[in-house]
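We did not get these values from a lab; they are worked out from the coordinates using the rules stated. Treat the numbers as computed from the prediction; the structure is a model and nothing was measured. Cβ coordinates were reconstructed from backbone atoms using ideal geometry, including for glycine residues, and neighbour counts include every protein chain displayed.
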């Protein structure tokens, strides 16, 4: 039985003796031979490897862009399946979550074991396994090799990052390693793309003989023994550690310096923030304009009537309110990708940890919370990096309090209408800027307070200690960032898009019913206005009338929708028809009411996309529901207080 | 007038920042050449010291096992055991803090905590509240080095 891969011959070998011990208590048994199946072709391949082994880069390389992302049933573990690029029969590649070992202690590992043993519902048992290990840190990574190979599936061991390894003067005997492991081994570099043709040949080859050599792996009882075995393997394969580039340490000397570290951190954070706003906002607005204009161009092409109203006012508006988020999301993920791939993000989390800990959160929550200033949706998607489940949920729950960019249109409108343009601190700092800043501060404080409450009661910290791996500094590649953008963009569009469309349609239906003689009713007669009148008693103490009420109802889709809704309402009302929206509001709202409205928007959950993403990330409806109720209660109470206090003060 | 003032201020700050970074990088002590490592007596790693009195043997044995937090920057050791409940223990072992692993203290975060350790060559940050329960023996070498 000989397997030839690139001239590498692996011959049957007997058990290697490592003195590892007690055969009566095996954690991983020695490998059994698979039953012979002469016509076995590989249809499904599992890709497994530790985190930071470059597995995702490899997955992206192998599948090009043909991937699908979902969730495994019952757990918040992401499922990625793709198709091998290239000619030939279809081969599915299942990218398993990054795991260090196959113990049953975490969701990720359980999912991996289930998939590999064919016990995962909806997934056939893989026909082969690609095991990706980072060759520059082989000792640690080998801990995964034994249990995976012991499962008995045809396995190809890929030693990734071979380019960095070789450049640093590292070397090892590939043939000896293959002998030790009883599986073919190949050196690859996912970033450079070398060695991948071997992978394809392994996957596509016609197998008319049983591939698995008869290697018996030692019985390894637990992790310390696995590590001892790994050490011995290291000696036997003449493993020569590569010399890591001294640049990584030097950069860390600067980035984690007592004084310069935090300063650089602030500069980087400030720069990201500035850019996402400075470029993201105008891009969003421009995009919005473009979409509206497209809608207007399309209008004459569709016969007037219900259909046109449905398509344009309902569907198109709904779609554009989703698409308008896209520039900021992409910009944000671009920067996160840059920071993460280069390795700086870990350092930033380290610097932020001390501060975050005083609130009860994790240092890794920093970037998600920062991103929430642009949009809570990608922020919540970015909380995946937090392994501690409770910290993660706490971060997800407080992210929407951060003043997202969707609040800005209504903030700007109300501030312009009700706050005079008086300077407060010299020319640069007027009353309006002051008001805007206080709103930002309000959101921030609400987030912190909520975090403190959550972490000291409902979500008290569980066992998993804070551990952060600092990868070596790398130069990010356009490809990896590009793929990440594509991936996150797709997830957002699919998740948020479906829910927003649904709610937009619902609002459209409510606005256009009941029909008066076959025509859509005036806004005052529509179903949604009735609802607005219905809730008016509830919102009167806040200083709002039924028109604002309608706006609140429609903005459940997304916050900025209220501006359009108010525009329509005041626009069609003959009394306010010729005024600007600002004027109309000044007539209809008191100062106290306006401030209350601002505060309401600062705290309320008015974003279907957010709820949709939270549902996806927590895999249940419980948390989005809790979030919605909690934030609505806080918003109502705060707006009530502001309105009452200010009204009595002004009298 | 005010505008030019602001602009100059900002440019000045940026220049100062860049100069500071460059200066720090050039003058920073490298961990390897750090004088912080206390001079130690040579002793056998299995705890035995053939020709010494039992008193000093006892001293040496107790000196050998310390907490991860007791390592000075640049000092290395081998992980001996993790005195934490089983769940946290497994978690740490999976990340790489396995008994037998080679660990070296690299640096502290700017605010003192967490600290960065090189475990079998990989840099991992750990809070002091966790690191103090990881017991190590000073000085050991594995084929996978540092």
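General observations
- Bins of 10 Å, starting at 0 and running to the largest distance - Cα pair percent for the stretch A:97-136: 28, 52, 18, 2
- Label point 7 Å beyond Cα of residue A:545 along Cβ direction - residues of the stretch A:553-576 with amide nitrogen under 12 Å: A:570, A:573-576
- Fewest-first sequence of A:228, A:452 by Cβ atoms within 10 Å of each Cβ: A:452, A:228
- Per-residue average of Cβ from other chains inside 10 Å of A:134-144: 4
- In percent, rounded to a whole number, the relative contact order of chain A is 11, using alpha-carbon pairs under 8 Å and six or more apart.
- FRET efficiency estimate (nearest 0.05) - Cβ-Cβ, residue A:192 to residue A:83, R0 22 angstrom: 0.45
- Against the main long axis of the alpha-carbon atoms of chain A, helix A:344-359 sits at an angle near 60°.
- Inter-centroid distance (Cα atoms) of the stretch A:607-647 relative to the stretch A:290-306, Å: 35 Å
- Label-to-label distance for residue A:338 and residue A:201 is 4.1 nm, based on points extended 7 Å past Cα in the beta-carbon direction.
- Using R0 = 30 Å, the C-beta based FRET efficiency linking residue A:479 and residue A:281 works out to 0.60.
- In degrees, nearest ten, helix A:389-398 long axis to first principal axis of chain A (Cα): 20 degrees
- The residue A:292 and residue A:65 beta-carbon pair, evaluated with R₀ = 41 Å, returns a calculated FRET efficiency of approximately 0.85.
- Within chain A, percent of DSSP bridges classed antiparallel, to nearest 5: 55 percent
- Label-zone membership for the stretch A:278-310, site residue A:509, 7 angstrom Cα→C-beta point, backbone N under 19 Å: A:306-310
- Each of residue A:469 and residue A:626 was given a label point 7 Å from its Cα along the Cα-to-Cβ line. The distance between the two points is 3.0 nm.
- Going from the fewest other Cβ atoms within 10 Å to the most, the residues A:333, A:600 appear in the order A:333, A:600.
- Relative to the longest principal axis of the Cα atoms of chain A, the long axis of helix A:478-511 makes an angle of roughly 40 degrees.
- Extension gain, residue A:41-residue A:315: 0.36 nm per intervening residue step, less the Cα-Cα distance, totals 94.0 nm.
- Spin-label model distance (nm) - residue A:424 vs residue A:304, 7 Å beyond Cα toward Cβ: 4.9 nm
- In the stretch A:523-638, Cα pairs under 8 Å separated by at least six residues give a relative contact order of 24 percent.
- Look at A:392, A:61 and count the other Cβ atoms within 10 Å of each Cβ; fewest to most, that gives A:61, A:392.
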